[in-house]
Amino acid sequence: MAAASITVISVLGRYFLNTPIPGDIEIVALLMAAAIALFLPYCQLSKGNVIVDVFTEAAPPVVKKWLDVLASLGVAVVAAVLAWRMGIGGMELRVANDESMVLRLPTWIGFIVVVPSLALLAISSLIAAWRDATDGHAADVAKVME
């Protein structure tokens, strides 16, 4: 809502008063990066991601189940690597005192939200893989393993 409000106010200011909000694009980009990153773990846990099942539509349910497990494990690996590398990149940007062009905001501040969200995505992907592998019956599997 904040990003949409800033955009509307800036466009109206530009159109009617010839004075947009300075750095509106920088602010909106930062807010959108944070919003997207924050919703990724929830989306993974709620199976809200887009799935293209053209090739697996006729596959047996057990095959689909293990493909879901494999996909969740793949997302976990990618998210963990992204969190690791973006964490390093954010620290390097902080050391370099990198700033945005208009508002001179430190560019590393966006990483404060994105890196933990990616780490949480890795964890939630492992949880989703476990849930899919056990059909949501983790307690039953734990009993069998005892």
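The values are calculated or read from the model by the stated rules, or taken from the named source; none is laboratory data. Source: prediction; values computed, not measured. Quick reminder, even Gly has a Cβ in these numbers, built from the backbone with ideal geometry, and neighbours come from all protein chains shown.
What to note about this one:
- Meets criteria (at positive phi and either under 22 Å from the mean Cα position of the chain (by Cα) or loosely packed, with under 15 Cβ neighbours inside 10 Å (or both)) for ASN18: yes
- Candidates LEU73, LEU40 - the one that is within 14 Å of LEU120 (Cβ to Cβ) and either at pLDDT 95 or above or under 18 Å from the mean Cα position of the chain (by Cα) (or both): LEU40
- Filter pass, ALA59 being closer than 30 Å to ASP135 by Cβ and within 13 Å of the chain's Cα centre (by Cα): no
- Assessment of the range 27-48 against the conditions (closer than 18 Å to VAL102 by Cα and β-branched (Val, Ile, Thr)) yields at least one matching residue.
- Within the option set ILE51, ILE112, being exposed (fewer than 15 other Cβ atoms within 10 Å of the Cβ) and under 22 Å from ALA2 (Cα atoms) holds for one residue only, ILE112.
- Residues (in a loop (DSSP other than H, G, I, E, B) and within 26 Å of GLY87 (Cα to Cα)) located in the range 1-45: GLY23
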